[in-house]
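Data block below; observations after.
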Amino acid sequence: MKLYYYDQRKMTPFLKPVLIWDAQGDVQYTLEREKTLKPGFRLLLCDANGEQIAAIRQKLAALHTTFYVQIRGKELTVCLKRTLQGMPYCEVSELGWIADGGFIMHREYEMRAGEALIACVHEPPSSEMTSGNGLAFLANVMRPRNPQFTKEDCCEIDFSDALAADELVAVVMAIEAAGVAAG
């Protein structure tokens, strides 16, 4: 399964809702800033019907950039760390997931549980976005809402249909927020 969203670092982070689409251009999720005066990123992930399914909150005064994801009665911790060589990675401790790659700057990473590949997040390949289906996606979904966006502004989440999409999307949005907070 593939889902798409705008790279928040190309605009003011999370001031406007982030729409997350499927390959047909239908909005599946919306990420919005929680309306509060509390400091730090406080985000709400809602399904296509506008029902809240997850809350993503930044833990301030932590050693590493850390976010809590509350979803389906459980709390996940998404922590941005660095290797001894300074390479960034994210750890989702409760699920045993590790996301690593150049996501801080380049939005290219894989999420794994041990050796098992969970998901890939990246810019869609140029060939995919210039095929008939990709052009329809850009023409019908991205451009009418915000004509200044291009393929370079879009990120793709590629994952198995067997995964719980809402949990994965919530974790990816927490990683996105961690990258914005650290950057």
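Pick from A178, A162, A182, A170: which is at pLDDT below 85, of a type in the set (G, A, S) and closer than 16 Å to V18 by Cα?
On the way: A162 fails: closer than 16 Å to V18 by Cα; A182 fails: closer than 16 Å to V18 by Cα; A170 fails: at pLDDT below 85.
Among A178, A162, A182, A170, only A178 is at pLDDT below 85, of a type in the set (G, A, S) and closer than 16 Å to V18 by Cα.
Restricting the search to the stretch 45-78, which residues are among the basic types (K, R) and part of a strand (DSSP E or B)?
Step one: filter the stretch 45-78 for residues among the basic types (K, R), giving 57, 59, 72, 74.
Hits for the stretch 45-78 are R57, K59, K74.
Restricting to the stretch 13-70, give me the number of residues that are modelled with pLDDT of 90 or more, within 16 Å of L168 (Cβ to Cβ) and of a type in the set (F, W, Y).
Looking only at that region, the number is 2.
The values are calculated or read from the model by the stated rules, or taken from the named source; none is laboratory data. Treat the numbers as computed from the prediction; the structure is a model and nothing was measured. Don't worry about glycine lacking a Cβ; one is built from the backbone with ideal geometry, like all the others, and counts go over all protein chains shown.
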